[in-house]
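Scroll down for the structure; my scribbles are underneath it.
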Amino acid sequence: MIQNLADLARLHFDEAEKQSIKKDLELMIGFVGKLSEIDTEGIEPQLHMSDETDIFREDELQGSVSREEALRNAPQSDGIYFKVPNVIRGSQPGFGKTLVSGPA
């Protein structure tokens, strides 16, 4: 079973790691089995830990940092935007693409 899971996840484990994982899984399965011993007669199933729903704070307009403050500690910028390394295949290596803009 451990090897099958490793294959599906494309992971490699040596025999010692497989044995350790097997012990951990057996403990988890045993714990879940213990839960079935609990008397839940008359107890409604819960989807959430609390009956509270849709508790959000009101949006409040708050101060923000200026563009200059935001860019002050950026490794690279053009004065208006952050410059970050390219991370998408096929793009040119190095810095240069503007991917995230600072506040207006």
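Some points to look at:
- When 70, 74, 16, 6 are screened for being in a loop (DSSP other than H, G, I, E, B) and hydrophobic (A, V, I, L, M, F, W, C), only 74 passes.
- The set of residues in the stretch 31-67 being outside any loop (DSSP other than H, G, I, E, B) and surrounded by 10 or more Cβ atoms within 10 Å (Cβ to Cβ) consists of 67 alone.
- Residue list for the stretch 37-59, filter: under 27 Å from the mean Cα position of the chain (by Cα) and acidic (Asp, Glu): 51, 52, 54, 58, 59
- Any hit, the stretch 13-27, residues being surrounded by 10 or more Cβ atoms within 10 Å (Cβ to Cβ), among the polar types (S, T, N, Q) and modelled with pLDDT of 90 or more: yes
The values are calculated or read from the model by the stated rules, or taken from the named source; none is laboratory data. Bear in mind that the values here come from a model prediction, so they are computed numbers and not experimental data. Don't worry about glycine lacking a Cβ; one is built from the backbone with ideal geometry, like all the others, and counts go over all protein chains shown.
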